[in-house]
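Data block below; observations after.
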Amino acid sequence: MATAPDFHVISGETVFNVIEANKQKIFEAVEAAYRLHAAEDSVNPDSYFLRYPEKPRNRIIALPAHLGGAVQKSGIKWISSFPGNTAANLARASAVQILNDAETGYPVACMEASVISATRTAASAALAAEYMSPTPFEGTLCVVGTGIIARTTLEWLMFRGWKFSEIQLFDLSADEAGHLSRWLEEKYGVTVRISDSLENAIQASSLVLFTTTALEPYLNDASVFSHNPTVLHVSLRDVGVDVILSAQNILDDVEHCLKANTSPHLTEMKTGNRDFISGVLVDIMEKKVSVDAGRPRVFSPFGLGVLDIAVSNLVLEQAIASKAAVPVPNFFFNASRW
């Protein structure tokens, strides 16, 4: 007779500890999830946005997904973004992840997911940086927007072995840039410069990371990228149409990224075509598309729910194995039909 699976709750502390202890496995899980998605061994519906008309910067997003292969889990991430939180030193994003057993459909875990979300975003950006840079693991870096996503991405770039001769930071908030600068100098001993010119910071860098909360493009001059950097366009709405048209554009998923007024979406609406898209990240990983060193290379990831499933599943397995996951007895008290 079939029985309902056990249900576990996993705290943010446990999630953090598992990720810190298993970074290589996390990186491999993110890469494997991309490959499974490209092989159509996944289901990744559209994200669903709950917006507040009176507070347009605030939103809560639902990301349902299923990942096949060895994972065989479904689930949904419910993640909020309230940028005003940072004024009170509260994180902008908060989230939970539900994981479901793919055989019975029963939920098997609920876990804190802001760390999971930041981790999969950062690990995927680091993965793209390796594959899309003509000379990976070296050069200079510009970080635009200096919050938690920037910090987490920097951690993953450093974990993967990048050695930057200089890091330039640009943020509308001098305090935020100062926090990240001090953290970088204390943790990694790297040379950090806080720039008061976004254009100069970009032009001095071979790798550019955008992690802002911009709602629409503000950087429209394609000549700023004439030195052909690799651009991790994580926040999706920073660069204008002319910049996109000048670049080799790599997305995580074409249909997902061409929505919600992202920079690639605005470009499609203006041009009426998708000719500016060279492919998706797996095309670069599998050498179906070659890196174009003669143009800026822009990676625009919409953020796939299958990545959350991959990281969450690994966290669940490790947390149960270490007895750090908290079981909830009789959670499915009424599971038997008779």
Give the range 225-254 a look and list any residue that's in contact with a strand residue (DSSP E or B) (Cβ under 9 Å, 6 or more places away or on another chain) and of a type in the set (V, I, T), or say none. T230, V231, V234, V239, V243, I244, I250, V254
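Filter the range 255-267 down to residues that are closer than 16 Å to D46 by Cβ and either surrounded by fewer than 21 Cβ atoms within 10 Å (Cβ to Cβ) or out of contact with any strand residue (DSSP E or B) (no Cβ under 7 Å at 6 or more places or on another chain) (or both), then give me how many there are.
7
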Those residues of the range 185-214 which are in a helix (DSSP H, G or I), more than 27 Å from A247 (Cβ to Cβ) and not charged (D, E, K, R), in sequence order: Y188
Going through the range 30-48 one residue at a time, which ones are of a type outside the set (A, V, I, L, M), open to solvent by less than 70 Å² (accessible area, probe 1.4 Å) and either under 15 Å from F302 (Cβ atoms) or out of contact with any strand residue (DSSP E or B) (no Cβ under 9 Å at 6 or more places or on another chain) (or both)? E31, Y34, H37, S42, N44, P45, D46, S47
If we only count strands (runs of 3 or more DSSP E) wholly inside the range 228-338, which ones have 1 or more residues that are closer than 20 Å to L36 by Cα? 248-251, 277-280, 297-300
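If you scan the range 208-254, which residues turn out to be of a type in the set (D, E, K, R), under 21 Å from the mean Cα position of the chain (by Cα) and open to solvent by 20 Å² or more (accessible area, probe 1.4 Å)?
Quick first cut of the range 208-254, residues of a type in the set (D, E, K, R) only: 216, 221, 237-238, 242, 252-253.
Narrowing further to those that are under 21 Å from the mean Cα position of the chain (by Cα): 216, 237-238, 252-253.
Result: E216, R237, D253.
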Of the listed residues (F299, F276), the one being open to solvent by less than 60 Å² (accessible area, probe 1.4 Å), under 30 Å from A21 (Cα atoms) and touching an Asp or Glu at 6+ places or on another chain (Cβ under 9 Å) is F299
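The values are calculated or read from the model by the stated rules, or taken from the named source; none is laboratory data. Model, not experiment: these values are computed from the prediction. FYI the Cβ positions are ideal-geometry reconstructions off the backbone, even for glycines, and counts take in every protein chain you see. Just the protein is used for accessible areas: all its heavy atoms, side chains included, with ligands, DNA and RNA removed. Shrake-Rupley method; radii C 1.70, N 1.55, O 1.52, S 1.80 Å.
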